[in-house]
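What follows is one structure encoded as structure tokens, with my remarks underneath.
Computed from the coordinates by the stated procedures, all read-outs in this text should not be read as laboratory data. Just so it is clear, the model here is predicted, and its values are computed rather than measured. Note: ideal-geometry Cβ built from the backbone for every residue, glycine included; neighbour counts use all protein chains shown.
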Amino acid sequence: MGPAVKDCAKLGHQAEEDAWRRRTRAINLSLGAALSTIGLTVPVVLAISVYTGTPLRLGLDQAEVVLLALTLLVSHMTFSGVPTNILFGFIHIVLFLTYIVLVFAP
């Protein structure tokens, strides 16, 4: 194999790595934007409602409030710094599927 072929192989590998980095950066930016939007909007709206004395209505049924509370509890347990395992992921999937079932078959 000549040096030109090795250089072409190296350039191809570098192009793949660059594409992988760009894709990873785009995914991280989109996930970060979604997390900051959701994670900051709700607490700010809650703080404004408390500050102004305006009652805040989430528009949730009792089952959905329980599901929201369970999701927040499980999320806190998952992200509190303790080592996680597959059980936490399974619980999140079960909660999500329960939500889907409640959306389509209340």
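Based on the Cβ-Cβ distance of V82 and L56, what FRET efficiency does E = 1/(1 + (r/R0)^6) give at R0 = 30 Å, to the nearest 0.05? Walk me through the numbers before you get to the answer.
On the way: r = 31 Å, r/R0 = 1.04.
So the FRET efficiency works out to roughly 0.45.
In square nanometres, what is one fourth of the surface area of the convex hull spanned by the alpha carbons of the chain? Orientation-averaged projected area of the Cα hull: 12.0 nm².
GNM on the chain, alpha-carbon springs under 10 angstrom: the most fluctuating residue among H13, H76, H92 is H13.
Using 0.36 nm per residue and subtracting the Cα-Cα separation, the extra length available between F96 and S49 on full extension is 14.1 nm. Modelled spin labels at E17 and T37, positioned 7 Å past Cα toward Cβ, are 3.4 nm from each other.
Taking the Cα centre of the chain as reference, the dipole from Cβ charges on Lys and Arg (+1) and Asp and Glu (-1) amounts to some 260 debye. For region 41-93, a/c is not less than 1.5, where a ≥ b ≥ c are the root eigenvalues of the C-alpha gyration tensor, and a/b does not top b/c. That puts it in the oblate class.
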